[in-house]
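Okay, so here's the structure we're looking at.
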Amino acid sequence: QVQLVESGGGLVQAGGSLRLSCAASGRTFSSGVMGWFRQAPGKERRDFVGAIRWNGGWLRYADSVKGRFTISRDNAKNTVYLQMNSLKPEDTAVYYCAVDIATMSYRPDDYDYWGQGTQVTVSS
């Protein structure tokens, strides 16, 4: 079992920045992927934001956030970060981190463990 705890959400003006953290505990894994997803208000689906492999060599972003968001990891702390710059009102969503043990996927259905989510609100 893996426990994931997100933090760092909040309210920010358009153009501002936030950094989200996702701390993992419990079962350890070396080759899995930590992904970030978001669920916008009124939408049922969770959209892929980006993902990073724990042991390096794989990093992906959604087109909508490329150049603005950066994912990094601190393996010693079992923590992954999502640095969000140049935020836009359309970035408003609940942001989730999740672990994909096996597939290096963009699809939320392939992820095995999820955090509780953290709200990010960007005002115009």
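The values are calculated or read from the model by the stated rules, or taken from the named source; none is laboratory data. Only a predicted model underlies this, so the values are computations on that prediction, with no experimental measurement involved. Using ideal geometry, Cβ is built from the backbone for each residue, glycine included, and neighbour counts are taken over all protein chains shown. With ligands, DNA and RNA removed, areas are computed over all heavy atoms of the protein, side chains included. Shrake-Rupley method; radii C 1.70, N 1.55, O 1.52, S 1.80 Å.
Listed values, structure above:
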{"read-out": "Subset of the range 14-30 (residues that are under 20 Å from Thr121 (Cβ atoms) and either under 12 Å from the mean Cα position of the chain (by Cα) or part of a strand (DSSP E or B) (or both))", "value": "Leu18, Arg19, Leu20, Ser21, Cys22"}
{"read-out": "Verdict on Ala102 being assigned to a helix (DSSP H, G or I) and either basic (Lys, Arg) or open to solvent by 70 Å² or more (accessible area, probe 1.4 Å) (or both)", "value": "no"}
{"read-out": "Residues that are in a loop (DSSP other than H, G, I, E, B) and open to solvent by 50 Å² or more (accessible area, probe 1.4 Å), drawn from the range 79-99", "value": "Asn85, Ser86, Lys88"}
{"read-out": "The range 31-78, residues that are part of a strand (DSSP E or B) and either in contact (Cβ under 8 Å) with a residue 60 or more places away in the chain or polar (S, T, N, Q) (or both)", "value": "Val33, Met34, Gly35, Trp36, Phe37, Arg38, Gln39, Phe48, Thr70, Ser72"}
{"read-out": "Total residues in the range 47-59, condition surrounded by fewer than 17 Cβ atoms within 10 Å (Cβ to Cβ) and not hydrophobic (A, V, I, L, M, F, W, C)", "value": "4"}
{"read-out": "Residue that is surrounded by the fewest Cβ atoms within 10 Å (Cβ to Cβ) [pool: residues in the range 105-124 that are farther than 21 Å from Lys66 by Cα and touching a Leu at 6+ places or on another chain (Cβ under 9 Å)]", "value": "Gln116"}
